[in-house]
1. Please name all residue pairs, on different chains or six or more residues apart, with Cβ atoms under 9 Å, provided the first residue is in the range B:338-349 and is over 17 Å from B:Gln113 (Cα atoms) and the second residue is among the β-branched types (Val, Ile, Thr).
2. Report yes if B:Thr271 is part of a loop (DSSP other than H, G, I, E, B) and of a type in the set (S, T, N, Q), otherwise no.
3. Report yes if some residue within the range A:26-45 is within 17 Å of A:Thr181 (Cα to Cα) and open to solvent by less than 20 Å² (accessible area, probe 1.4 Å); otherwise report no.
4. So, B:Gly161, is that one closer than 27 Å to B:Ile294 by Cα, at pLDDT 95 or above and not charged (D, E, K, R) or not?
5. Evaluate the range B:236-244: report whether one residue or more is within 30 Å of B:Glu18 (Cα to Cα), free of Cβ contacts under 8 Å to residues at least 12 places away in the same chain and out of contact with any Asp or Glu (no Cβ under 9 Å at 6 or more places or on another chain).
6. So which residues in the range A:111-133 are buried (at least 23 other Cβ atoms within 10 Å of the Cβ) and within 8 Å of chain B (Cβ to nearest Cβ)?
7. Of all residues in the range B:160-201, which are charged (D, E, K, R) and in contact with a Gly (Cβ under 8 Å, 6 or more places away or on another chain)?
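The values are calculated or read from the model by the stated rules, or taken from the named source; none is laboratory data. Just so we're clear, the structure is a prediction, and the values are computed from it rather than from any experiment. Cβ: placed from backbone, ideal geometry, glycine included. Neighbour counts: every protein chain shown. Keep in mind that these areas ignore ligands, DNA and RNA; they rest on the heavy atoms of the full protein, side chains included. Shrake-Rupley method; radii C 1.70, N 1.55, O 1.52, S 1.80 Å.
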Amino acid sequence: MTGVERIADAFANTGKQAALMPYLMGGYPTLAASIGIGQACVTAGADIIELGMPYSDPLADGPVIHAAGTEALAAGANVAGVLEVARTLAQSVPVVLMCYANMVLAPGAEAFVERLAKTGASGLIVPDLPLGEAPEVLAACTAHGLALVPLVAPTTTPERLAAIGKSAKGFVYTVSVVGTTGERNALGEHFAQVVARAKASTELPVALGFGISTPEHARQAAQAGADGVIVGTRLVRAAGESEDPAGAVGAVVGELATGLAIAR
Amino acid sequence: MNVVEHRFGPYGGQFVPETLMRALAELEQAWVKAREDPSYREELEGLLRDFGGRPTPLYKARRLSEKAGRPIYLKREDLNHTGSHKLNNALGQALLARRMGKRRIIAETGAGQHGVATATVCALLDMECVVYMGTEDTRRQRPNVQRMELLGASVKPVDAGAKTLKEATSAAIRDWVTNVESTHYVIGSVVGPAPYPAIVRDLQRVIGDEARAQILEVQGRLPERVIACVGGGSNAIGTFAAFLEDEQVQLIGVEAGGEGIDTPRHGAPLTVGGRVGILHGSRSAVMQDEEGQILQAHSVSAGLDYPGAGPQHAQLRDSGRARYVAVTDLEAIAAFKEMARLEGIIPALETAHALAWTLAQVDGGLDLVCLSGRGDKDLAEVLKPTPDK
Ligand SMILES: Cc1ncc(COP(=O)(O)O)c(C=O)c1O
């Protein structure tokens, strides 16, 4: 199975109202601990794992994920180490790497994507690579069967949305709010509209992320038609606050999975 | 073809979160309309003249010229209101923001000069102003923090990373991602995603246009060399722009050599070369490690303490049209002091880099240096006792 096929398969077989997609920061608090956190996510019901590559200048991230990335780097995380995390987790679930553009382009898009594909990962999200800058990375991902997953924001114009929906692979990642990653008390004002617009633009599954932190949010997203929910900051915070990061993250993911259970 | 350049050869582009893409397109449209609108141009020119004090003089530095054995002319941006060239850009962008219906302005600042210029125009135009500044810079450029606050701006200290200009810029971009619908980001140099490098260059071009006419008037010929310091590169590109077609005129950009370009502690990505990278939304010369992590720059001058440079500079370097060199902290401080005693002008530490390179040349016929700003803000940093090494 290619990465693209593996992602499609995961969305088709969640057994839940929507696919549960935990985000974890590679190498946070340490490389070994982040493998444990990822495995706890899988046990607790994760369908797809989004794995963050720590970066010096993460422009799309709020303070919690920014600080986790900084700590991971200080603890020695590097590309090889984070790709090892991907390799381990990809044995259980599809892994999508979230990595900023400069790190993808530093060795060359083709070289980076080839290395990523060899770990068994299924896809790539580059939060600062809008459609117009994407052709080189898209070509490399397509050549290796990986999904280059695009982001769609509440501010994305209809023309852009149509073009993004058409070239997307794997799924479309809709951003629920105008803003950076971070927990919020409620989902963004227009999240249902963002999901509906994205669904109208593509045949692919549509996942909602940024700001989802409770089982209630996850359920609301699924009810609005999201095929997947991405939970990031809430889990990174749980990892940072506990002596037992894997246990703490696993518990939160378990609650989210229960929230997304199909009523019988 | 874009009406406003998005790319400069392989450099430039728009490497930003999707959330900002619509705002960048709207900014570009607004800019294209404004620059062709006589009412925008008249208001900008009127304010640059009556509020800012333009045109700034082109001054033949008497004792400097005598010492060098050749005429050295200084384009006196230090006499611009608020004490640097930064006002040219801040005024133009704030007027543009008002046309776009945006009343909240954010900016990043290193030396504090761009922050002060932005706070000043926000006071003038009655707009809300938030300035991001690294905590290392709030310390070493204290007078400018006080000025911004007096002018009614809110200065947000940024404590991440090296606590300098790179982190302040990242924080400003994150604010923009969050508040893009109400807010215009007045970027302070020819960096950032398109259309910023082109807009800021066009707004700073007034420096070069004036200087070229002035030197022709007093000397009847073009300079042999045009010299400017490069942080992000706005005073340099603004000066160079008017001379690009004059092929006989050498264009020299002076970067921060810090503790030496053979050490990692400098801010000279154009001079050092190395792999191309992406920083703050555009592709250009960037200080980075093997894996693409952006490195921390170092310079005694907060305005040059930045690991990137504008994309058009990278193109001018590659084509050979401009040349980039570096001057160390110690050389800049020496030039700062020498300038004060020789000419009665205290330059900004940023500018002192351009002066240091110029003073070190033994050859040449006619030099024109962009005196990008005044150095009152730098007294504490230059006069502090040197720590024992
Ligand atoms: C006086 C002065 N010159 C130069 C610079 C560097 O900026 P740029 O390279 O954009 O001109 C600064 C920036 O703070 C400055 O204050």
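1. From the range B:338-349, the pairs are B:Met339/B:Ile345; B:Met339/B:Ile346; B:Met339/B:Thr351; B:Ala340/B:Ile346.
2. No.
3. yes
4. So B:Gly161 does not fit the description; no.
5. There is no residue in the range B:236-244 that is within 30 Å of B:Glu18 (Cα to Cα), free of Cβ contacts under 8 Å to residues at least 12 places away in the same chain and out of contact with any Asp or Glu (no Cβ under 9 Å at 6 or more places or on another chain).
6. A:Pro127, A:Asp128, A:Leu129, A:Pro130 - these are the residues of the range A:111-133 that are buried (at least 23 other Cβ atoms within 10 Å of the Cβ) and within 8 Å of chain B (Cβ to nearest Cβ).
7. B:Lys163, B:Lys166, B:Glu167, B:Arg174, B:Arg201
For (1) among the small types (Gly, Ala, Ser); (2) within 16 Å of the ligand (Cβ to nearest atom); (3) within 26 Å of B:Ser299 (Cβ to Cβ), each residue gets a yes or a no:
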{"residue": "B:Trp176", "(1), (2), (3)": "no, no, yes"}
{"residue": "B:Val186", "(1), (2), (3)": "no, yes, yes"}
{"residue": "B:Val190", "(1), (2), (3)": "no, yes, yes"}
{"residue": "B:Asp209", "(1), (2), (3)": "no, no, no"}
{"residue": "B:Arg212", "(1), (2), (3)": "no, no, no"}
{"residue": "B:Pro223", "(1), (2), (3)": "no, no, no"}
{"residue": "B:Phe240", "(1), (2), (3)": "no, yes, yes"}
{"residue": "B:Glu247", "(1), (2), (3)": "no, no, no"}
{"residue": "B:Gln250", "(1), (2), (3)": "no, no, yes"}
